[in-house]
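**Student:** What follows is a structure written as structure tokens; I'll ask about it next.
The values are calculated or read from the model by the stated rules, or taken from the named source; none is laboratory data. Remember, predicted model here, so these are calculated numbers, not experimental data. Here the Cβ positions follow ideal geometry from the backbone for every residue, glycine too, while neighbour counts run over all protein chains shown. These area figures cover heavy atoms from the full protein model, side chains too; ligands, DNA and RNA do not enter into them. Shrake-Rupley method; radii C 1.70, N 1.55, O 1.52, S 1.80 Å.
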Amino acid sequence: MATIAAPTQAGKPDAYSNTTGIWSWIATTDHKRIGTLYLWTALFFFLVGGLEAVIIRTQLMRPNMGFVSADTYNQLFTMHGTTMVFLAIMPLSAAFFNFLIPLQIGARDVAFPRLNAFSYWVYLLGGIFLTVPILFHVAPNGGWFGYAPLTSNQFSPGNNIDFWVIGLQVLGVSSLAAAFNFITTIINMRAPGMTLMRMPMFTWMSFVVQFLLILAFPPITVALVFLIMDRFFGTTFYAIAAGADPLLWQHLFWVFGHPEVYILILPAFGLVSEILPTFSKKPLFGYNVMVYSGIMIGFLGFGVWAHHMFAVGMGAVADTIFSMMTMLIAIPTGVKIFNWIATMWAGEIRFTVAMKFAIALIGMFTIGGISGVMHSSPPADLQQTDTYFIVAHFHYVLFGGSIMGILGGIYFYFPKMTGRFMDERLGNWHFWGTFVGMNLTFFPMHFSGLYGMPRRVYRYDAGQGWDLFNLMSTYGTYLIAVSTLFFVWNFVRSRTRGAVAGSDPWGAGTLEWSIPSPPPEYNFAQLPEVSSRYPLWDLKDPAKTAGIDHSHADAMTITDAHAVPVHEETERFTAKELGIPMPLPTAKPLFTAVGLMTMFSGLPFLRNDMFAVAMTLTIGGACMLIGGLYAWLTSPLE
Amino acid sequence: MSDDAKHATETHHPTGNQYLKIAIILTVITAIEVWAYYIPALVASPLFNPALIIMSALKFAIVVLYYMHIKFDHSLFRLLFTASLILAMCTGTALMFLFGVFKL
Amino acid sequence: MASHAAAALHSASGADAGHQNGHEHHHYTTTGLDNRKIAIWAFLGSECMLFASLISTYLIYKGKSIVGPYPTTEWVNEAGKVFKPILDIPTTSASTAVLLMSSFAMVLALQAVQLKGKEIAATASWWERIQRSSQFWLAATAFLGATFLGFQAYEFTSFVHEGLTLKTNLFGSTFFTLTGFHGAHVTVGVLWLMSLLWIDRTRGLGPKDELVVDICALYWHFVDVVWIVIFTLVYLIS
Ligand code: HEM
Ligand SMILES: [Cu+2]
């Protein structure tokens, strides 16, 4: 066949393959590109959510401010929460699932590459659907948990909540599809020798998260279906006058809601479990315990939901059970914290920006965990619930935990994704600004909360002892906002101008660092055969891993003729040169996703008596969806 | 290795006639359920609901074990499904307790 | 051919040998199982949570409706007229039996696909012969599924005539939503079965397609199993 150009120079960061242009992104089925799309999109929504936060804090800076109206304020805090949870943190985690899981387990792609593309497109479209209304002042305004009956027609007659119910329903499809995909990928696409107990901790935590997703999303799907039925078809699920129970929504929502908070935090836990060993030059302390505590957290996470509802009067028995379960879940969480500390103990620590974020997670998350245990006691919670104390709690776990972990992950994996380092100096500005800023913002909220300041109020009177704390919180927010600009600048600039990074720039031990940066489209020229948890350290510095298990005798080990022992790949070829079949690019998943979104977007028109428009969109969308699916399923993958 | 697995399961798969027997058993259980529904004395008995639930669980198990051949398949599938099913049943039961469907 | 080093890698991996001989390429999988089958089982696990939430809500709202019609007890309208409980057990028992039979047809469809191409004795009975027809059993499954949907359509319309709609009361809302969700699942299953039937008629399904049929079968049986639960908890229990 045709002669082939010289192999691409290793270490020369030339994007992911030789195909470029917008179409190569629209039709991509490469998990690394999809991961990149997730990353950019989620960072964009992160900035949107952050901007909303800045406006919220400006309004609360001093007593009785008139920066925004009450209605605008409601839209802002609703969209801030919804955006951060569903459009920023979850998809940022998804960016790492996509980019990292196949690399960490030694696979060439995910189990279902096209389904993966579909998940992304559904996310993008759902995100747009949810976000655009705020530009027209019709954004959802019922809180991120959308309590019905507040969100039913009777109390929320406008289109605002329509966007919320439909948007979340559509985003659920994306998360579920992705979760089935990653469960299958992790079970079935691991390289020879990559037993479950050799998987990198990030993959393990992601594995747990996928189960949380497939089991926690159905209850909220059902709750949303009921709300959609109530709002558009006149059912009475949440109609108190018809005998409905006002707690139905709350229970269904929190059955989802508490596992959801672990969906938000566990990927960040996974990321720091990669960062800490690397920069401490020591294997993760207590790997097995880390795995089991992760599973334990996921499992117990389904049995604590009603701690969000102590104030509704469930009775002594229910309160006691849920309180005990909640205190119990703090144990595996604490175990993780001690294991991270023990990992650093006596290590050769390098304080890179990524490491600083990881260490910050340990500290900040611990503070959030402690306030969590405080309101796991119903009498204490009755004082704290619906005050700024709760806001302080969940921002310490979500900002101090999830966001810190994810930012650390971005600094850590940026060289793998792009072949270039992010700038450490700018990174330090970003880190310290964020770290100081978040404490300045959220620590005072503990006090304003305990002094009685309720959540979700758009203004407050002077003289209640809240003024100083609010002022501090607002300045802290501005500091975070400014340091985020350093991050954005660093991120955008380093892609093309950062220092060139090799395949293993940090001296890490797991598989993803054995291949060039950025990885070639097929990831591994040959399937690696793995015989320990840190195959690359075995290769380069066996002393480091001498203390950990290297057993070869394992029932799950299936040696494959194509596999070779782990080595550092330095040369780059195209998939064609190596004869590796790659999934074909296709826009069918996008087409199908557009069909799904169109189908749902017909619903709001029902309310505005535009029956014909509604039917056209719904039926047209359904046809696109079904047609797209048929076209997709009947065309070959590769 | 995958072929071995396949062979092992194929030999254990029920045959058409066994499937027929299973279908008959399922139909008979359903018939008993409906029959019981029409006997007022039975409906009044405190054992009526538990008995119906047990019969339905039995049918459920038979279909999953044999028709969905989870009994003969890789244990991974059993794990995936049973774990989810147990969690679903626990959650549903807990919800019903919380809403006072059962009286303690 | 590829460049020097690439060629070396190439033969070392041996990955393309199968390709060039025109073999179908088999991807390496850790467990030796097919990806799709793992995914469908995970999906069914997720569906358990979905139906558990729906069924629990139905039971939680049972007996909480303020106005009739009621499912299992008599009710009186404003004019003082007494009505019977609205659920129609004989008809639903029949539709339940139909759905159970469809599961039976489905296992035979899968078996027929697995046995396709195997010899059959000249003395075989009609029952043994018909067992070999995947098209017959696929069609039978789809037909029985459609019949179930017909029963459901009949049930829904007769309820509406008796004054029960989605909006009437909590029973109407929960009942139609729960059974409607199940009906939607049956509809998807029927479409899926008809697609398989169409493939079988155009290019023929054989042992190599076992997995494709198996996955559809798993879904179909699951939908059946959900109905087994609904029938007991919604229709029979008091
Ligand atoms: C040590 C473990 C934890 C415990 C014991 C705990 C406990 C609690 C409790 C009891 C509440 C309800 C407070 C109230 O509304 O009155 C709560 C709220 C909350 N927690 Fe946690 N939590 C823990 C970890 C987490 C984690 C890891 C996250 C997320 C990453 C998280 C996110 C939240 C959120 C978002 C809320 C507020 C929800 C809302 O009302 O909007 N928590 N937590
Ligand atoms: Cu919680």
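**Student:** Need one value: the accessible area of A:THR574 in square angstrom, 1.4 angstrom probe, rounded to the nearest 10.
**Tutor:** 40 Å²
**Student:** On a 1.4 Å probe surface of the protein chains, which of A:LYS282, A:LYS416, A:LYS576 comes out largest in accessible area, and what is the full order?
**Tutor:** Largest accessible area first, the residues go A:LYS576, A:LYS282, A:LYS416.
**Student:** If you line up the long axis of helix C:35-61 against the longest principal axis of chain C, both from Cα atoms, how many degrees apart are they, to the nearest 10?
**Tutor:** 10 degrees
**Student:** Something else now. What figure in square angstrom, to the nearest 10, would you give for the accessible area of A:LEU398 with a 1.4 Å probe?
**Tutor:** Counting only protein heavy atoms, A:LEU398 exposes about 40 Å² to solvent.
**Student:** Right, next: Am I reading the C/A interface right? What is its buried accessible area, both sides, 1.4 Å probe, to the nearest 100 Å²?
**Tutor:** Summed over both sides, the interface buries about 4200 Å².
**Student:** Return the subset of B:LYS59/C:LYS167; B:LYS59/C:LYS116; A:LYS32/A:LYS576; C:LYS62/C:LYS84; C:LYS37/C:LYS116; A:LYS282/A:LYS336 for which the Cα-Cα distance in this structure is over 23 Å, preserving the input order.
**Tutor:** B:LYS59/C:LYS167; B:LYS59/C:LYS116
**Student:** Determine the share of the protein assembly as shown's accessible area contributed by carbon and sulfur atoms, expressed in whole percent, with a 1.4 angstrom probe.
**Tutor:** Within the protein assembly as shown, the accessible surface is 70 percent carbon and sulfur.
**Student:** Still on this structure: With every protein chain in place, what's the accessible area of A:ARG350 (1.4 Å probe, Å², nearest 10)?
**Tutor:** Accessible area, nearest 10 Å²: 80 Å².
**Student:** Taking only the Cα atoms of chain A, how large is their convex hull per residue, in Å³?
**Tutor:** Roughly 157 Å³ of hull volume per residue.
**Student:** Right, next: Assigning unit charges at the beta carbon (Lys, Arg +1; Asp, Glu -1) and nothing else, what dipole magnitude in debye, to the nearest 20, does chain B show about its Cα centre?
**Tutor:** The calculated dipole for chain B is roughly 300 debye.
**Student:** Counting only protein heavy atoms, probe 1.4 Å: which residues of region A:171-216 lose 50 Å² or more of accessible surface in the full assembly compared with their chain by itself?
**Tutor:** Those residues are A:PHE180, A:ILE187, A:ASN188, A:LEU215.
**Student:** So, one more: What do you reckon, how do A:GLU638, B:GLU33 stack up by accessible area (1.4 Å probe), largest on top?
**Tutor:** These residues rank, largest area first, as A:GLU638, B:GLU33.
**Student:** Using θ = phi - 60° and the Karplus curve 6.51 cos²θ - 1.76 cosθ + 1.60, what whole-Hz ³J(HN,Hα) does each residue of region A:175-187 get, with Gly and Pro shown as x?
**Tutor:** For region A:175-187, the Karplus-derived couplings read 5, 5, 4, 5, 5, 4, 4, 6, 4, 4, 4, 6, 5 Hz, x marking Gly and Pro.
**Student:** A further question on this structure: Where the only charges are on Cβ atoms (+1 Lys, Arg; -1 Asp, Glu), what is the dipole of the protein assembly as shown about its Cα centre, to the nearest 20 debye?
**Tutor:** Using Cβ point charges on Lys, Arg, Asp and Glu, the protein assembly as shown gives about 700 debye.
**Student:** Separate question: Counting heavy atoms of the protein chains only and a 1.4 Å probe, report the per residue accessible area for chain C as a whole number of Å².
**Tutor:** Using a 1.4 Å probe on heavy atoms only, each residue of chain C averages 41 Å².
**Student:** Can you tell me the accessible area per residue over region A:64-130, all protein chains present, probe 1.4 angstrom, in square angstrom?
**Tutor:** 20 Å²
**Student:** Using helices alone, what [θ] at 222 nm do you get for chain A, with -39,500 (n - 2.57) per DSSP H run of 4 or more residues, divided over all residues and rounded to the nearest 500?
**Tutor:** The helix contribution divided over chain A gives -20500 deg cm²/dmol.
**Student:** Ignoring ligands, DNA and RNA, what accessible area per residue does region B:3-69 give at 1.4 Å, in Å²?
**Tutor:** 56 Å²
**Student:** Another one. Between region A:482-523 and region A:577-638, how far is it from one alpha carbon centroid to the other, in angstrom?
**Tutor:** Here the answer is 34 Å between Cα centres.
**Student:** For the pairing of chain C with chain B, what total accessible surface becomes buried, with a 1.4 angstrom probe, in square angstrom to the nearest 100?
**Tutor:** Roughly 3900 Å² of accessible surface disappears when C and B pair.
**Student:** Amide H neighbours of C:PHE83 under 5 Å, at least 5 residues apart or on other chains, H built in the peptide plane: list them.
**Tutor:** C:TRP75, C:VAL76, C:ASN77
**Student:** Grab every C-alpha pair in chain C, bin the distances at 10 angstrom width from 0 up to the longest one, and report whole percents.
**Tutor:** The percentages, shortest bin first, are 7, 24, 25, 18, 13, 8, 4, 2, 0, 0.
**Student:** Ok, one more. Counting only residues 5 or more places away or on other chains, whose amide H sits under 5 Å from the amide H of A:VAL564 once H atoms are built in the peptide plane?
**Tutor:** For A:VAL564, the qualifying residues are A:LEU527, A:GLU529.
**Student:** May I pose another question? Can you give me the C-alpha center-to-center distance between region A:394-447 and region A:184-212, rounded to a whole angstrom?
**Tutor:** 26 Å
**Student:** Still on this structure: Taking Cα centroids, how far is region B:50-104 from region A:98-172 in Å?
**Tutor:** So the separation of the two Cα centres works out to 31 Å.
**Student:** Positive end of the dipole of region C:88-185, charges at C-beta (+1 Lys, Arg; -1 Asp, Glu), about the Cα centre: which of C:PHE143, C:THR96, C:ALA121 has its Cα farthest in that direction?
**Tutor:** C:ALA121
**Student:** Sort A:LYS281, C:LYS37, C:LYS81 by accessible area with a 1.4 Å probe, largest first.
**Tutor:** C:LYS81, A:LYS281, C:LYS37
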